[in-house]
Amino acid sequence: MSAAAGEDEQAQKDKTRNTVLFAGLASAPILGCLAFVLLIVLAIGTLVTLALGFVFWPLMLLCKINLLPCGDDSDGGGLDNDQVIAAYNSDGKGQLNSATIASQYVTLVEEAGNECTQIGAIVIAAQIQLESGWNEKLVGPDGAEGISQVPPDKFKEFGEDADDNDKTSGLDAADSIKAQSKYMCSLAKEIDTLIANNEVKGDPLNLTLAAYDSGLDAVKQAKGVPDNDRAQSYIIGVRSGFALYSNSVDMPYESPYPSLSPRPTPSS
């Protein structure tokens, strides 16, 4: 091979290599953009999935207790549907199934259930399940803190140093649950008065739950449970936890009973 031919061949190889390198460098930003877009799509997909789960989870409950025709569920998931329905429709004043609550919260919930005659420990536990999933360090988008997510202005009114640690904080489980029970009992007493005066109509517990979530003024204005998705969903959400925490329901811990969040580790 002549020197000129060798030089031409080397030049061709260099040209080819440079072309490949240039193409790779040129495509890098495009690949980066595609990767970024893919991450955005995956993130949106995850959020949509979670949102759908939040919206449709009450339907799972209605299927479970046979209030909606959702296909065959012959094994019942180990649950007695009659017991579940009875718990759902109850006043939440039955005996608490303490085995389904983490041991550090059992006494707090039981004491909260004795704050007044209107609100039982089952209601307190089911509310906590819905509000925070037993996350005592949760801070909500509205500024509500702690395991019970008591509205900030109401925690300021009803909060106290329930565990005598010289500090009152919504992020303290004892303080949060105590404030929850006092606020719920205050609302329940006001609801009883409104019912007696024929200013509102409906189930006292449903009205109290609606007032806790939407405000007492909203209940007064509606003369009952507000006819909106928020109030209705909150009542369904709390009541759907009654079977989890009621001693009247044979509830195996591994049961696929629908809920918005994981159940706490059971006490020993």
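Looking at segment 131-152 only, could you name the residues that are touching a strand residue (DSSP E or B) at 6+ places or on another chain (Cβ under 9 Å) and in a strand (DSSP E or B)?
VAL139, GLU145
Given (1) charged (D, E, K, R); (2) closer than 18 Å to ALA210 by Cα; (3) at pLDDT below 90, identify the lone condition not met by ASP75.
Failed condition: (2).
Kindly evaluate GLY202 against the criterion of being free of Cβ contacts under 8 Å to residues at least 12 places away in the same chain, part of a loop (DSSP other than H, G, I, E, B) and touching a helix residue (DSSP H, G or I) at 6+ places or on another chain (Cβ under 9 Å).
No; evaluated as a whole, the condition is false for this residue.
Does at least one position in segment 84-96 carry a residue that is in the same structural domain as GLY237 (by TED's automatic domain parsing), crowded, with 22+ Cβ neighbours inside 10 Å and of a type in the set (Val, Ile, Thr)?
Yes, the conditions are met somewhere in segment 84-96.
Going by the conditions given, is ILE122 surrounded by 15 or more Cβ atoms within 10 Å (Cβ to Cβ), within 23 Å of THR208 (Cα to Cα) and in contact (Cβ under 8 Å) with a residue 40 or more places away in the chain?
It is true that ILE122 is surrounded by 15 or more Cβ atoms within 10 Å (Cβ to Cβ), within 23 Å of THR208 (Cα to Cα) and in contact (Cβ under 8 Å) with a residue 40 or more places away in the chain.
The values are calculated or read from the model by the stated rules, or taken from the named source; none is laboratory data. All of these numbers come straight from a predicted model, not from anything done at the bench. Every residue, glycine as well, gets a Cβ built from its backbone with ideal geometry; the counts of neighbours run over all protein chains shown.
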